[in-house]
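This report refers to the structure that appears directly beneath it.
The values are calculated or read from the model by the stated rules, or taken from the named source; none is laboratory data. These numbers come from a predicted model, not from an experiment. Here the Cβ positions follow ideal geometry from the backbone for every residue, glycine too, while neighbour counts run over all protein chains shown.
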Amino acid sequence: MNAAVTVVFALLGVLAVGSALLVVTTRQVVHAALWLVVALGAVAGCYLLLRAEFVAWVQVLVYVGAVVVLLLFALMLTKAPIGVSEDLDAGLAQRVVAAMVALATGALLVTVLVDGFSGEVIDQGATGGAPAIGASVFRSWVLPFEVLSVLLLAALVGAIVLSRRDVPGAGAADSVAGGR
Amino acid sequence: MGLPGRGLAGGLATTFRTMTRRSITQQYPDVSPDLPPRTRGVIALLEENCTVCMLCARECPDWCIYIDSHKETLPATTEGGRERTRNVLDRFAIDFSLCMYCGICIEACPFDALFWSPEFEYAELDIRELVHERDRLALWMDTVPPPPPLDPGAEEAKEIAAARKAVAAPAPTGDRHGEGAAR
Amino acid sequence: MSVLDLLLRLVLLLACFLVLPLVVGQIEHKAMAHMQSRLGPMYAGGFHGWAQLVADGVKFAQKEDVLPAAADPWVFRLAPALALLPYLVVLALIPVGAGQAVVSADVGIFLVLAVMGIGIIGTVMAGWASANKFSVLGALRAAAQLLSYELPLVLAAASVAMAAGTLSLPGIVEAWRPWWLLWQLPGALIFLVAGLAELSRSPFDMPVAESEIIFGAYTEYAGLRFALFLLAEYAGIVVLGALTTVLFLGGWKWPFLVGGLGWLWTLVKTLAVAFLVIWLRVSLPRLREDQLQRLAWAWLVPLALVQLMITGVVRVMG
């Protein structure tokens, strides 16, 4: 990496960490979701600088475009007041525990990454486009990929069963025939 | 029921067909509208015909016609004759902010003193200006179109029919008073 | 690519971004008027009201920028920019002629779809920050609509990418052959319908259904910020038209006059799609919210999967 890229990468990293901190510290619940957008976008920028173009855009498409929108949707559907929510806070004990868990997770990730990839050098010439990702997902890692897809399928089926009310036995409380 | 989406295609076809035709928008300020002869635009007053009988003012559902008058005594025209009194019009005004253009005043007038004019461009910035006094009402007379010809096959006008009858069968005795033969 | 060249391209892009939505808006004014047997704007600019939208822009600029008392000021102010910028980015990626894109990306189609999905956050922010229940309802509807229609949109685009064997937009146009019009027809229709839904354009304009929720998420906006949302809508039409052109209609390809005038064909096709979008708006009534979801999940997603299958089979056999 040349100097400029390094500087930008560091700035994006600071942005990601800073907005992530704001996500957990802000007292306004929708602002938390919006700071999450910034954090995820900054991470996408980091991917981009690491020559993982495809992953970066998937990050934007799935996390920024869909997951956060879903999150905002759910927030608005339930309760999302404008302004500070006083109950959006935790006691000291909870804070300490949360900080410890976060630090432990971070330490674990850093250890694993440093252990596994400390010697790696990113090839500036290569672009982490779709072919490389496709090849590794569908050749080397095809089994985990399939296992994951089966897991997702099961989740989908489960969601459909839970939301349908016209299936006898499902949705124990009310078996009123839904209009759908 | 037909093919699925037939309704959608039909809607699209309708709008497209409409687009290819000339639109019917009137280009009003640029092109003055072509109004039919009986258009009710504004009411004109032919002062000479008015006898201050007040019928129009009384028949007006909105009470938007204001008439003031006084009586004048005319000296006898012949020696030893009677003096005559005559109504003189002092004020004749129509408040067009109240008028609902029903035309009952024009129908009610027995002396043909009120007429419809198709003029409609007399909007004002102040509502009080909409009270047209007699001079303004008289000005509208210039814009009253001649009465349209009768429809082919329609009944003859009453005065013409009466005159024709008088010519065809001369009155056996005395005068017959032709109705409105002056016209 | 020299700096000067890049600068020229960026200026051109900005000009297109500011002019094309106005052109589409004017086409909408006039086409919609004539479809309803009206004339539309006739005075501004002299000839058939060609400058109406410029005059509208001046009017918007003069209006007061109202901030509701209970609104969340920062989110409220930022929302229009977030709604507009993604379309600028997408427009930069559209190849108008052979090798004539402002920026070229290897995974262009992915980038375009990803960025287009961000625009919705602007709408959601606007709806929430306005402190108006109708705005929140509009934002909810917009979000629900986007979540449902993102899937068929991506699947339809994936079908073309599979057919062309590349994710880059110029690559797809290079690989495009006229018979793809038939092969990818369901995909094209799905893409267009889902795109309309993502733009909240009629017949999918429940997020701004004026008879129910005033103007949805944009109810509280006035002046320049409102104009930005409107510009975003029309820029969205331009982007949808350009994307449909590039993915399904062969971009700059045409039986004749291809040489240096490829960009002209891209423009013509884009405007044709934009006209179709306007035509649909005039002709079709608004769907109900449940009809909208049913259309997405019961028709478009399965159809998109079938299209994907057909594409795969033809690719493997051919």
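Among the residues examined, C:Ala71 qualifies as closer than 27 Å to C:Glu198 by Cα, within 14 Å of another protein chain (Cβ to nearest Cβ) and in a loop (DSSP other than H, G, I, E, B). If you go through the stretch C:98-119 and keep only what is touching a Ser or Thr at 6+ places or on another chain (Cβ under 9 Å) and more than 13 Å from C:Arg9 (Cα to Cα), you end up with C:Ala105, C:Asp106, C:Val107, C:Gly108, C:Ile109.
Screening C:Ser200 with (1) within 25 Å of C:Leu228 (Cα to Cα); (2) part of a helix (DSSP H, G or I); (3) out of contact with any Phe, Trp or Tyr (no Cβ under 8 Å at 6 or more places or on another chain) gives one miss only, at (2).
Table: residues versus (1) at pLDDT 85 or above; (2) over 24 Å from the mean Cα position of the chain (by Cα); (3) more than 30 Å from C:Thr245 (Cα to Cα).
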site	(1), (2), (3)
C:His48	no, yes, no
C:Val54	yes, no, no
C:Ser104	no, no, no
C:Gly117	no, no, no
C:Gly122	yes, no, no
C:Val136	yes, no, yes
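The number of residues in the stretch C:99-128 that are more than 8 Å from every other protein chain (Cβ to nearest Cβ), more than 13 Å from C:Tyr87 (Cβ to Cβ) and outside any loop (DSSP other than H, G, I, E, B) comes to 3. Of all the listed residues (B:Thr18, B:Thr25, B:Thr14), the sole one being within 14 Å of chain C (Cβ to nearest Cβ), assigned to a loop (DSSP other than H, G, I, E, B), modelled with pLDDT under 90 and surrounded by 13 or more Cβ atoms within 10 Å (Cβ to Cβ) is B:Thr25. Filtering the stretch B:51-81 to residues that are aromatic (Phe, Trp, Tyr) and surrounded by fewer than 13 Cβ atoms within 10 Å (Cβ to Cβ) leaves only B:Trp63.
Restricting attention to the stretch A:66-84, the residues being outside any loop (DSSP other than H, G, I, E, B) and either more than 10 Å from chain C (Cβ to nearest Cβ) or aliphatic (A, V, I, L, M) (or both) number 12.
Let me confirm something: among C:Ala217, C:Ala197, C:Ala235, which residue is touching a residue at least 12 places away in the same chain (Cβ under 8 Å), buried (at least 20 other Cβ atoms within 10 Å of the Cβ), under 17 Å from C:Ser148 (Cβ atoms) and touching a helix residue (DSSP H, G or I) at 6+ places or on another chain (Cβ under 6 Å)? Answer to the selection: C:Ala197.
Listed here are the residues, each with its yes/no results for (1) among the β-branched types (Val, Ile, Thr); (2) more than 10 Å from chain C (Cβ to nearest Cβ); (3) farther than 23 Å from A:Gly13 by Cβ.
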{"position": "A:Phe54", "(1), (2), (3)": "no, no, no"}
{"position": "A:Trp57", "(1), (2), (3)": "no, no, no"}
{"position": "A:Val60", "(1), (2), (3)": "yes, no, no"}
{"position": "A:Val64", "(1), (2), (3)": "yes, no, no"}
{"position": "A:Glu86", "(1), (2), (3)": "no, yes, yes"}
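The residues listed here are C:Phe275, C:Phe226; of these, the one that is assigned to a helix (DSSP H, G or I), in contact with a helix residue (DSSP H, G or I) (Cβ under 8 Å, 6 or more places away or on another chain) and within 14 Å of chain B (Cβ to nearest Cβ) is C:Phe275. Criterion applied to C:Pro285, C:Pro203 was being out of contact with any helix residue (DSSP H, G or I) (no Cβ under 8 Å at 6 or more places or on another chain) and within 14 Å of chain B (Cβ to nearest Cβ), and the one residue passing it is C:Pro285.
For the list (1) in contact with a strand residue (DSSP E or B) (Cβ under 6 Å, 6 or more places away or on another chain); (2) surrounded by fewer than 14 Cβ atoms within 10 Å (Cβ to Cβ); (3) within 20 Å of B:Met141 (Cα to Cα), I need the number of the one condition that B:Arg84 fails. (3) is the only condition that B:Arg84 fails.
For the stretch C:143-160, a residue qualifies if it is crowded, with 24+ Cβ neighbours inside 10 Å and either among the basic types (Lys, Arg) or within 9 Å of chain A (Cβ to nearest Cβ) (or both), and the qualifying residues are C:Ala143, C:Leu146. Taken as a whole, the condition of being under 29 Å from B:Phe120 (Cα atoms), in a helix (DSSP H, G or I), modelled with pLDDT of 80 or more and of a type in the set (D, E, K, R) applies to B:Asp142.
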